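The values are calculated or read from the model by the stated rules, or taken from the named source; none is laboratory data. Source: prediction; values computed, not measured. Quick reminder, even Gly has a Cβ in these numbers, built from the backbone with ideal geometry, and neighbours come from all protein chains shown.
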Amino acid sequence: MATWDPTPAGSEQPPGYDGHPPSRPENGVTNGSSQPDTAELPALTPNDVVIAVMGVTGSGKTTFISYFAPSARIGHGLESCTSTVNIHKATIGQGTVYLIDTPGFDDTHRSDTDILREVANWLNSAYKSRIKLSGIIYLHRIADNRMSGSAMKNLRMFKRLCGEEALSCVVLATTMWSMMASAEDGARRERELMTKPEFWASMVERGSKVLRQDNNAVSAMEIMRYIMAQRRKIDLDIQKEMASGKTLDETSAGREVQSGMEVMRRKHEAEMAELRQEMEEARRDHDVRAQREIASVRADLEEKLRRDREDRDKMRVTLDELRQQRAEELANERAAAHERELQLSNQMYQAQLDRERAANQANESLMEVKLQLAVKEADNIRLQREAAERRERDEGGGCVVM
Ligand SMILES: Nc1nc2c(ncn2[C@@H]2O[C@H](COP(=O)(O)OP(=O)(O)O)[C@@H](O)[C@H]2O)c(=O)[nH]1
Ligand SMILES: [Mg+2]
């Protein structure tokens, strides 16, 4: 996994760009690992084969990439491990392929707006540098017996990002076949996916290929070979739309996110109206406890509404504004991580000092005990000596015969 400078040497800029030289962080590609393993990764060129891997969290994207690139790290927790766009360099046969691991639009910690901003910025940088995708692999767990809300949302987002033309370069691959009780069940679900218009039917009609990722590295290689044999290069709708001057909220994918946000905003506003009503009743009844509880729920809701507004503003950006803002966000993230690292190293240093002090204190107490023992021992010996002297005096020279 590595950071990526997508600037190809001496390439012409496509229409819609201002010709500014790209600075490093603008590509929005961050290295999720603290240890870049391919620091010498060359800048991608328009001739490179670049394939994006998409799908919800847990659909198997990183696992798929790991068959070709050891730098891909698989997350086993509930949290999304691929919370940023990551590029992996892979060698397939004689050639080099760059596989792009992308975050799903179902992240536990990040809003759809933030994810779209990151993915769009990455794709914009690639477009600007004339680096085109050779294909997109969209992974889906066949073992899920129904399409969840987030799976549906992710699929809608995917279709909007791509646009119709790019669909002929898409492979829809089903994963987790080993988790199916029977192959027939899997085949039935696959048919359902391929024939229902709200699932994959329209994509298949426009040339998307349905393949199975059912045999680890072997089927993964078949999928890669299929894409590479096509020898295609594509521009996605979002890339063309933003290059033509649209703001992110005016793009097809942006509108999809906006409509989801609009639903949430209306829900939050309805909840707020309900709370106002409940508050009035609680006041009328002089129910202080209820008033306190309602106030606390209202504060949470106000925070959600504030974030809704913030997300709406974050979508009103042109390609250049997005690039600038992402560069700032990444710089801030880096600074925050650096600050945290400093704090931790200070904490560690302090802990070391405390440990040494504790060790010294433990030594001191040991010495004290030894000293006390020695004092006691000396006392005993003194007493013994005095007793002996007494005996000597009493029994010997001290016993004067009168
Ligand atoms: N049985 C089975 N498990 C898989 C398959 N692909 C991925 N997994 C497992 O599913 C989990 C999520 O996979 P991961 O690659 O991290 O998904 P991502 O979030 O899309 O990157 C991991 O525990 C993987 O080991 C597959 O084809 N079959
Ligand atoms: Mg992943």
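Observations on the structure shown:
- Qualifying residue in the stretch 45-52 (condition: within 26 Å of ARG160 (Cβ to Cβ), buried (at least 21 other Cβ atoms within 10 Å of the Cβ), within 16 Å of ligand 2 (Cβ to nearest atom) and modelled with pLDDT of 90 or more): yes
- Any hit, the stretch 147-170, residues being over 30 Å from LEU248 (Cα atoms) and in contact with a helix residue (DSSP H, G or I) (Cβ under 8 Å, 6 or more places away or on another chain): no
- In the stretch 167-189, the residues that are farther than 12 Å from LEU211 by Cα and free of Cβ contacts under 8 Å to residues at least 24 places away in the same chain: ALA181, SER182, ALA183, GLU184, ASP185, ARG188
- Any chance SER259 is of a type in the set (S, T, N, Q) and either over 28 Å from THR113 (Cβ atoms) or more than 26 Å from the chain's Cα centre (by Cα) (or both): no
Rundown of residues vs (1) more than 28 Å from GLN258 (Cα to Cα); (2) assigned by TED's automatic domain parsing to the domain that holds ALA253; (3) at pLDDT below 95, yes/no style:
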| position | (1), (2), (3) |
| --- | --- |
| GLU281 | yes, yes, no |
| LEU301 | no, yes, yes |
| LEU305 | no, yes, yes |
| LYS314 | no, yes, no |
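- Residues in the stretch 289-303 that are aliphatic (A, V, I, L, M) and either assigned to a loop (DSSP other than H, G, I, E, B) or closer than 23 Å to SER111 by Cβ (or both): VAL297, ALA299, LEU301.
- Enumerated helices (runs of 4 or more DSSP H) restricted to the stretch 181-271, each holding at least 3 residues that are of a type in the set (A, V, I, L, M) and surrounded by fewer than 17 Cβ atoms within 10 Å (Cβ to Cβ): 183-195, 216-230
- Odd one out for TYR67 among (1) over 30 Å from ARG212 (Cβ atoms); (2) at pLDDT 90 or above; (3) within 16 Å of ligand 1 (Cβ to nearest atom): (1)
- Residues of the stretch 92-145 satisfying the condition of being of a type in the set (A, V, I, L, M) and either part of a strand (DSSP E or B) or not assigned by TED's automatic domain parsing to the domain that holds ARG188 (or both): ILE92, VAL97, LEU99, ILE100, LEU133, ILE136, ILE137, LEU139
- In the set (1) crowded, with 16+ Cβ neighbours inside 10 Å; (2) outside any helix (DSSP H, G or I), the condition left unmet by HIS286 is number (1).
- Picking from residues in the stretch 103-128 that are surrounded by fewer than 23 Cβ atoms within 10 Å (Cβ to Cβ) and more than 18 Å from GLU256 (Cα to Cα), the one that is modelled with the lowest pLDDT is THR108.
- Qualifying residue in the stretch 304-315 (condition: more than 30 Å from GLU271 (Cα to Cα), hydrophobic (A, V, I, L, M, F, W, C), part of a helix (DSSP H, G or I) and in contact (Cβ under 8 Å) with a residue 24 or more places away in the chain): no
- Single residue of LEU161, LEU155 found to be in a helix (DSSP H, G or I), surrounded by 19 or more Cβ atoms within 10 Å (Cβ to Cβ) and more than 16 Å from ligand 1 (Cβ to nearest atom): LEU161
- Unmet criterion (only one of (1) modelled with pLDDT of 85 or more; (2) within 12 Å of ligand 2 (Cβ to nearest atom)) for SER83: (1)
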